[in-house]
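Notes follow the structure.
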Amino acid sequence: SVTEIRSGFTAIKANIQARDPIRTLSILSHPHSLHKVKLLDRCCITHQLFNFYVDKVFKHCKTEDSFVNRKISSIANSFLIVKRKLGQCQEQNKCLCGQESAEKYKQILANYEGLNVTSAAIKSLGELDILLDWVEKSG
Amino acid sequence: EDALVAAPQNISILSTNMKHFLTWSPVTVQGETVKYSVEFQGEYEREYANESWIPICECSLITATVCNITDDISATVAYNLRVRADVGARRSEWGTLKGFFNRITTSLTPPLMKVIADGYHLLVELEDMGPAFQFCVLYWKKGQESRMQQKVVEEVSSVVHLDTMEAGPDYCVKAQTYVEAINRSSSFSQTQCVRAEGGTSMWL
């Protein structure tokens, strides 16, 4: 699924990032990049972020471009698969949430809610490669 | 008063080797051209986006009664699909696929395969079936099935070298596809055997 998410995103990345005029802000990387997250907290942060995208981001990313909308649908439906797998990990207590993941996620939400919802959603979608790179590096 | 346009019927999916097609029976209206439009809805749209539907622009106002939905069925979730007919300014109700479609149900056929004895080299040429496909190739010396060897081919680019053969015995090969996205394999292809003899390619 991550491979398919990546290919879906690659197809619309330039289009989405061109819709984000605010280059000085980041949803996922402000003030610290995801790469500073401790190993123990990675699963929880990944799960929280997949929930974040499914619950908050994709629904506010509708565009006038049919191709882009279809790719967003493809990404969103693939996110459901990963989200479900991570949910199973959490149910089996293999995805524990510590203090750091709670603070990190709180920061991301604050960044998100600091913008109007459409700008925040488009910016978050445009940062999907940051999330995918981090998920793939986290292994 | 304008007669109503019937909604398309017999809507079904043909899905083979991760290529998915929606088909339906034609709607006939005497002396008129009927055009069709297709929309899809994934689990995400049902659960998180107010059950919204997404049009497939390649299949908007088409006269054909088939639509390639492969690019849009891009996650292993349950999809809804629907079609409606337009005749001039008149429009039918939506005809909806009975039940969901999940790509996990696609039928997987054994790969086309060509085994080549190039001198003492045992080679296999595999059909390029797209990025979703990997191949599991089994090869063995005839009569020594217990010592079967396996090679996983993740990308089909060119001929795959399997082994260096001894002169004399037959070498046999069979292959199956594997699709990671749905975690399923096809059945094995027919076995093909070749034999190395000097420098010439030999077929059996």
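None of the figures in this text is laboratory data; all of them are computed from the coordinates on show. Because the structure is predicted, anything quoted here is derived from the model rather than measured. A quick note on method: Cβ atoms are made from the backbone with ideal geometry, for glycine too, and the neighbour counts reach across all protein chains shown.
Please rank A:Asp41, B:Asp71, A:Asp55, fewest neighbouring Cβ atoms within 10 Å first, as an exposure proxy.
Ascending Cβ contact count within 10 Å gives the list A:Asp55, B:Asp71, A:Asp41.
Other residues with beta-carbon under 11 Å from the beta-carbon of A:Ile122 carry, at +1 per Lys or Arg and -1 per Asp or Glu, a net charge of +1.
Classify the protein assembly as shown: rounded, prolate or oblate, from the alpha-carbon gyration tensor (a ≥ b ≥ c, eigenvalue square roots; a/c under 1.5 rounded; otherwise prolate if a/b is larger than b/c)? Oblate, since a/c reaches 1.5 and b/c is not below a/b. Which shape class, rounded, prolate or oblate, goes with the range A:19-139 when its Cα gyration tensor gives a ≥ b ≥ c as root eigenvalues, a/c under 1.5 marks rounded, and past that a/b bigger than b/c marks prolate? It comes out oblate by the Cα gyration axes.
Can you spot the aspartates and glutamates whose alpha carbon is less than 15 Å from B:Lys35's alpha carbon? Ignore those fewer than 8 places along the same chain. Filter leaves B:Glu58, B:Asp86, B:Glu93. Sparse packing (at most 12 other Cβ atoms within 10 Å of the Cβ) combined with a DSSP loop state is found for none of the chymotrypsin sites (Phe, Trp or Tyr not before Pro) in the range B:42-118. Only Cα pairs under 8 Å and 6+ residues apart enter the sum, and on that basis the relative contact order of the range A:2-138 stands at 48 percent.
When the Gaussian network model of chain B links Cα atoms closer than 10 Å, the mean-square fluctuations of B:Gln176, B:Gln144, B:Gln30 top out at B:Gln30.
Excluding same-chain neighbours fewer than eight residues apart, the aspartates and glutamates reachable from A:Lys62 by a Cα-Cα span under 18 Å are A:Asp20, A:Glu127, B:Glu39, B:Glu43, B:Glu45, B:Glu47, B:Glu51, B:Asp72. Here the spin labels are modelled as points 7 Å beyond Cα on the Cα-Cβ line, and at B:Val66 and A:Gln17 they lie 3.9 nm apart. Taking each residue as 0.36 nm, the span from B:Glu47 to B:Thr164 lengthens on full extension beyond its C-alpha to C-alpha distance by 36.6 nm. Within the range B:87-148, the GluC sites (Glu not before Pro) that combine a DSSP coil assignment with at most 16 other C-beta atoms in a 10 angstrom radius are B:Glu93.
Here the dipole of the protein assembly as shown is about 680 debye; that uses its Cα centre as origin and unit charges on the Cβ of Lys and Arg (positive) and Asp and Glu (negative).
If you take the Cα centroid of the range B:1-35 and the Cα centroid of the range A:69-139, the two points sit 39 Å apart.
Under a 5 Å amide H cut-off, with hydrogens placed 1.01 Å from N, B:Arg84 pairs with B:Ser37, B:Gly95 among residues at least 5 apart or on other chains. Sorting B:Val152, B:Val38, A:Val54, B:Val159 by the number of Cβ atoms found within 10 Å of their own Cβ, with the fewest placed first, yields B:Val152, B:Val159, A:Val54, B:Val38. Checking the Cα-Cα distances for A:Lys56/A:Lys106; A:Lys94/A:Lys123; A:Lys56/A:Lys123; B:Lys114/B:Lys141 against a 24 Å cut-off, the pairs over it are A:Lys94/A:Lys123. For the range B:114-162 versus the range B:77-92, the spacing of their alpha-carbon centroids is 45 Å.
Helix A:128-138 versus the longest principal axis of chain A: what angle, 0 to 90°, nearest 10, using Cα atoms? Roughly 30 degrees between the two axes.
Projected label points at B:Glu32 and B:Thr191, each 7 Å from Cα along the beta carbon direction, are separated by 6.1 nanometres. Can you give the local net charge around A:Asp133? Use residues other than it whose beta-carbon is closer than 12 angstrom to its beta-carbon, Lys and Arg +1, Asp and Glu -1. Net local charge, A:Asp133 excluded: -1. Within a straight-line Cα-Cα reach of under 22 Å, B:Lys19 can be paired with the following lysines, leaving aside sequence neighbours fewer than 8 residues apart in one chain: A:Lys71, B:Lys98. Between helix A:99-113 and chain A there is an angle of about 20 degrees, using the helix long axis and the longest principal axis of the Cα atoms. Taking a point 7 Å from the Cα of A:Val2 along the Cα-to-Cβ direction, the residues of the range A:93-134 with backbone N closer than 14 Å to it are A:129-134.
For the range A:14-102, applying the loop criterion from DSSP together with a ceiling of 13 other beta carbons within 10 Å to the trypsin sites (Lys or Arg not before Pro) yields A:Arg23, A:Lys38, A:Lys94. For peptide B:39-52, the mean count of partner chain Cβ atoms within 10 Å of a residue's Cβ comes to 4. With contacts taken as Cα pairs under 8 Å at a separation of at least 6 residues, chain B carries a relative contact order of 19 percent.
Tell me, which longest segment in chain B has none of the trypsin sites (Lys or Arg not before Pro) that fall in DSSP loops with at most 16 further Cβ atoms within 10 Å?
Formally, the longest exposed-site-free interval is B:1-97.
For chain A, the longest principal axis of the C-alpha atoms and the axis of helix A:2-18 are separated by about 50°.
Toward the positive end of the charge dipole of the protein assembly as shown, about the Cα centre and with charges on Cβ (Lys, Arg +1; Asp, Glu -1), which of B:Gly119, A:Asn93, B:His20 goes farthest? Towards the positive end, the residue furthest out is A:Asn93.
Charging the Cβ of each Asp and Glu at -1 and of each Lys and Arg at +1, and nothing else, the dipole of the range A:2-138 about its Cα centre rounds to 140 debye. Relative contact order of the range A:40-115: 52 percent, from C-alpha pairs under 8 Å at least 6 residues apart in sequence.
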